[in-house]
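The values are calculated or read from the model by the stated rules, or taken from the named source; none is laboratory data. Keep in mind it's a predicted model, so treat the numbers as computed, not measured. Positions of Cβ are backbone-derived with ideal geometry, glycine not excepted, and every protein chain shown enters the neighbour counts. Only protein heavy atoms, including side chains, enter the accessible area calculation; ligands, DNA and RNA are left aside. Shrake-Rupley method; radii C 1.70, N 1.55, O 1.52, S 1.80 Å.
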Amino acid sequence: MSVKGEFPWRNTAFGLIIGVAAMWWALSGVALDELWQHLIKVNLAWMAVVAAMFMVQQVLRSYRQMLIIQARYPDHRFASSFAILCIGFFF
């Protein structure tokens, strides 16, 4: 556990390694050139709408999670719930 105010380098590095490994595993066997051709045809306006809707959902879920956890641990903060939820959705 890191000291308050100190950036947790070891935890961040570990998380990045796990993330890169998971991304490699998810993309193994995928034709990246074909994927890229589809991605460049995407309407960015619609992607922005979808991204905004997803972020609103994440914020609402994080707030709900924070309220539930604060019933037991009053010092729990929104940022912690948001980080935990984002990591969970990433995996």
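Confirm whether A48 is part of a helix (DSSP H, G or I), loosely packed, with under 10 Cβ neighbours inside 10 Å, among the hydrophobic types (A, V, I, L, M, F, W, C) and on the phi < 0 side of the Ramachandran plot. Answer is no for this residue. Considering L35, L85, L60, the condition of being modelled with pLDDT under 95, assigned to a helix (DSSP H, G or I) and open to solvent by 50 Å² or more (accessible area, probe 1.4 Å) is satisfied by L35 alone. Residues of segment 64-82 that are surrounded by 14 or more Cβ atoms within 10 Å (Cβ to Cβ) and not small (G, A, S): Q65, M66, I69, Q70, H76, F78, F82. Checked against (1) open to solvent by less than 70 Å² (accessible area, probe 1.4 Å); (2) assigned to a loop (DSSP other than H, G, I, E, B); (3) modelled with pLDDT of 90 or more, A21 passes all but a single condition, namely (2).
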